[in-house]
Structure formats: C-alpha cells, structure tokens
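**Student:** To start, I am sharing the structure in question, which I have written as structure tokens.
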Amino acid sequence: MKTKRKWLAAMVIALVPFAAIAQLSIPNVGRNLPLPNSGFDDITKPLVDPVTSTVDASMLDQLSTSELKILLNRLRVDRLNQFLRQNEAYVERDSNGDPAVRGILVATGISEASLQRAQQEGFQVLERETIKGLDLNFVKLAVRQGKKLKSEQKKLQKIASEADISADNIYFPSSISSTTYAPPLPTMTLASGSAKSGALGLIDGGVARHKMITMAVEQRGFAKGAPTASSHATAIASLLSANPGISGRGLLAADIYGRDPAGGNATAIARALGWMVERHISVVTISLVGPNNGLLKNAVSAAQKKGLLIVAAVGNDGPAAPQRFPASYLGVIGVTGVDQRQRALPEAGIATPVDFAAPGADIKGAALDGTMAPLRGTSFAAPLAAARLASYYPAPSITNIKPAINGLIKEAKDLGKKGPDKIYGNGLICGNCGIR
C-alpha cells in the first residue's frame, strides 16, 4: 500500500498537466488546457477526473506530509505559470514573483514631494483615490515604458521610502472544487434583493440565482463586467442561505472578478471593503488567497478600525505553502477546513495562522447549472464560521468584538492537541453545518 501510494504521488508530480490543477484556485479567466494525448491517459486515470480534468482530491488523504508538500507546491507553481501565460497581456510578476496587474504600481502613504520625484523619474500618475468608507488614500502609477514591474517596484520604493509601494496583486479563490471553474454564462441570471441590517458580507465573484439561495442578495461590481455569476461565489452563497440566522438578513456580495482577466486584484478588494463599511456590515467572509500587499494591508486595517470583522480562508496549497493573505493579517480570522470525520484537510495551509476550523469537505453547494455539486476546500469552511460569528456580532462595534470572538471560542469543539493549535486553531465551529 505504501509503495502504491508513493508511485501515485510520483506519477502526479511528474505527469499531471496544467489542466489538472484547475481546481486549485484560478478564477474564471482563461481556458483549461486539454489532457495530453501522449499515452499518459492510463497512468493518470486514477489521479485525474475525466470530466473536469482535475486532481481527485480524495487521493490527497493517501499521501504523506512530504509527498503532499512536493505535489501541492508543484501544482501551485504550475497554476501560477499557466495563469500568467494565458493572461500575459494583462498580468505580470511583481518583485516577489507573484502575479499582479501589468504595469501598475500602487502607493499608499506617499508624500507629494516623493510623488513629484517619481514623476520626474518618468513614472506616470494614473489615478488618485480616497476609498469611501475607509478614508484611505492611494495613488496608482504606471511603470516607465519598457520597464518590468518587478524592477520598477524596487525603484519607486527607493524614491518614496515613507510609502507602501506594491503591485496590484491578484488573489485567487481558495477552493479545491471543480465548481470554481465552470465558465460563467452570458445570460446567467444574478440573485437579487436588498440586504437588511445585520446582513453578512461576501467579497468574491457574482452570485447566480439558484433554488438553494432563498435569501436576498444585493450585489455590486468592482471589476470590468461585474457583477457576473461565479460558481465559487454562488456555492458559498448557498451555504450561507442554508443558515437560518443569516438568510433572513441577506447577503451583500461584492464581485471583484467580473469578466476582467486581471480581476481579483488588491484595489478591487480594498474598494469592496470600503463598500462593506459604508453599508455597516459587521462580518465579511473572503475565501481568496494571495501575497502580502501594502494597499490591501492598509485597507484591512482601516476596515477593522471601523468595526468590520474579516473572516478568511487559509488556502489549499498544502503544508509547504507560504503564508497567504488576507487570512494572515493581524486581526483577520483564519479558517481551515475539516472532513466529515473532523480531520483537517491535507491540502489546507498551516503557515497561515488558523483561528478556527469548519466543514470543508463532504458538503454540497449550488452549481451554475442549477444542480448541487460536491464542495471541498477551505473556501467553504470560512463562510460557515463567518455565519456563526455574525450571530454574536450583528452590528459593527469595536467594544463588542472581544465578547463576540470569545462567544465563538466557547462554542468551538477542541480538536487535535488539547487547547489552541496551529492545525485547528481554537477548534471546530459549526460541525453539523453545510448541505450534505
């Protein structure tokens, strides 16, 4: 059995094509690549779903920690490389090698003197904005003609040492479900309605109309073509709609992807956070992962000072993955996923701080074709924890944050080592939640 498991791991690492990584977080941009016709079909058959061309997540339970690290790191790197190739006209790597909007730098806290020096050096100011709700100012600049983003980021940081200079990084859905990649249909009807006081917030894609989503969903776009129905966001909304404590108040959904190849960027998330604060949302769930980013960090901090609690998924890139954001920011509540046997998902990240666990497998959610589809990933655990938190924290209030968190801790079921640990955090929330 052990030999077979190692053979499976080796075959996946060596032979899984780019298409087979689609379930690991690329949003609805670009197209999946077909499986190769080079005689590998028989070898990859037990590893790759023939319909979705995605790695069978159930096989991850059979791998050792070292095998998981190798496999998931390979898939993460290949996924990013594929995304960059498919969208090279719109995205490129920043100074850390992470994907970002092509040719754009974002400065927060930059002085007028530094801005003038930057313009004298050839940087062009494209936009100045104060994000409503957050009172956060930033400036967007274009890199100099013919220059690469990664070198220009370092150059501008030297000019404006007092500022946070970052690329406009791209963030990806944190799921391991094939529903993430069902392409949006041009005529897909969006869920609608007006969110009431105490509604939960969602920053993701657009939410489609579905029989399992019975609550009011108020939507707003923060990207080109948004709001556009997203399978990822629709599945999350169906999980929230099944929660009676949330369904009556509704959902405020911010679509940061739309049909933009460079959607899901830090600027869009920051603006969406501002909208949540403006609408007096108390808890927002964000099942997206990406790198540390100056604008996003400042936006998260500004939103928290207004009383907004942010719940985020820790990601599915495995035990060797680097810290993922926004879950890693101070004060953000990081959520991991467990299966029906209350075991941590092997693909869940552990470098990102874990505060709570919730069901992230053996559950179902709404699919864009009107059916119900199996879900897996920390993406679907985060909203379940967020819904429970909202029951303790129905309105934004700095003084009520600590009691609300303590209430959630008290209801958590301790898993793993006694007391808080890095795998399950404070324990399992909503163990019987989710559509089975």
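**Student:** If the reach is capped at under 18 angstrom between alpha carbons, list the aspartates and glutamates near Lys154, excluding any in the same chain fewer than eight residues apart.
**Tutor:** Glu92, Asp94, Asp98, Glu121, Glu162, Asp164, Asp168
**Student:** So what are the ³J(HN,Hα) numbers for the range 86-95, from phi and the Karplus equation (6.51, -1.76, 1.60; θ = phi - 60°), rounded to whole Hz, Gly and Pro as x?
**Tutor:** Values, residue by residue: 5, 10, 5, 6, 10, 9, 7, 7, 8, 5 Hz.
**Student:** Which number do you get for Rg(Cα) / (2.2 N^0.38 Å) in the range 337-436? Write out the running numbers ahead of the final one.
**Tutor:** Working: Rg = 14.1 Å, N = 100, 2.2 N^0.38 = 12.7 Å.
Dividing the Cα Rg of the range 337-436 by 2.2 N^0.38 Å gives 1.11.
**Student:** Please give every one of the lysines within straight-line cross-link reach of Lys132, meaning a C-alpha to C-alpha distance under 24 Å, and leave out same-chain neighbours fewer than 8 residues apart.
**Tutor:** Lys140, Lys196, Lys224, Lys297, Lys305, Lys306
**Student:** Treating the beta-carbon of each Lys and Arg as +1 and of each Asp and Glu as -1, no other charges, what is the dipole magnitude of the range 276-389 about its Cα centre, to the nearest 20 debye?
**Tutor:** Working: 10 positive and 7 negative charges, 58 e Å.
Charge dipole of the range 276-389: 280 debye, to the nearest 20.
**Student:** Among 365-371, 243-249, 385-391, 349-355, how do they line up by average Cβ neighbours within 10 Å per residue, starting with the highest? Don't skip to the end; give the middle numbers.
**Tutor:** Numbers: 365-371: 19.6, 243-249: 16.3, 385-391: 25.6, 349-355: 22.1.
Top to bottom by mean Cβ count within 10 Å: 385-391, 349-355, 365-371, 243-249.
**Student:** Taking every DSSP beta bridge that has both residues in the range 264-389, what percent is antiparallel when rounded to the nearest 5?
**Tutor:** Details: 6 of 17 bridges.
Percentage antiparallel, nearest 5: 35.
**Student:** How many angstrom lie between the Cα centre of the range 337-372 and the Cα centre of the range 106-160?
**Tutor:** The range 337-372 and the range 106-160 have Cα centres separated by 39 Å.
**Student:** So, one more: Give the cross-link partners of Lys417 among the aspartates and glutamates, using a straight C-alpha distance below 15 Å as the criterion and excluding same-chain residues fewer than 8 apart.
**Tutor:** Reachable aspartates and glutamates: Asp355.
**Student:** With a sphere of radius 15 Å drawn around the Cβ of Phe138, what net charge do the other residues whose Cβ falls strictly inside it have (Lys, Arg +1; Asp, Glu -1)?
**Tutor:** My count for the surroundings of Phe138 gives -2.
**Student:** Out of the total accessible area of the range 167-323 (probe 1.4 Å, heavy atoms of protein only), what percent is carbon and sulfur?
**Tutor:** On the way: 2210 of 4370 Å².
Summing carbon and sulfur atoms, their accessible area is 51 percent of the total for the range 167-323.
**Student:** Also: Tell me which residues come under 5 Å, amide H to amide H, from Gly365 once H is placed; ignore anything under 5 positions away on its chain.
**Tutor:** The answer is Ala373, Leu375.
**Student:** Rounded to the nearest whole Å², what accessible area per residue is found for the range 357-412 with the 1.4 Å probe?
**Tutor:** Numbers: 2070 Å² over 56 residues.
Computed with neighbouring chains in place, this is 37 Å² per residue.
**Student:** Additional query: Find which of His210, His280, Leu296 sits farthest along the positive direction of the dipole of the range 170-309, computed with +1 on the beta-carbon of Lys and Arg, -1 on that of Asp and Glu, about the Cα centre.
**Tutor:** Of the candidates, His280 comes out farthest on the positive side.
**Student:** First compute the accessible area of the range 335-389 with a 1.4 Å probe, then give the percent of it belonging to carbon and sulfur atoms.
**Tutor:** 48
**Student:** The range 281-326: D in µm²/s via Stokes-Einstein (Kirkwood Rh, Cα pairs, 4 °C, 1.567 mPa s)? Could you put the intermediate results ahead of the total?
**Tutor:** On the way: Rh = 11.5 Å.
Here the translational diffusion coefficient equals 113 µm²/s.
The values are calculated or read from the model by the stated rules, or taken from the named source; none is laboratory data. It should be emphasised that the depicted structure is a prediction, and the values quoted were computed from it without experimental measurement. Note: ideal-geometry Cβ built from the backbone for every residue, glycine included; neighbour counts use all protein chains shown. Just the protein is used for accessible areas: all its heavy atoms, side chains included, with ligands, DNA and RNA removed. Shrake-Rupley method; radii C 1.70, N 1.55, O 1.52, S 1.80 Å.
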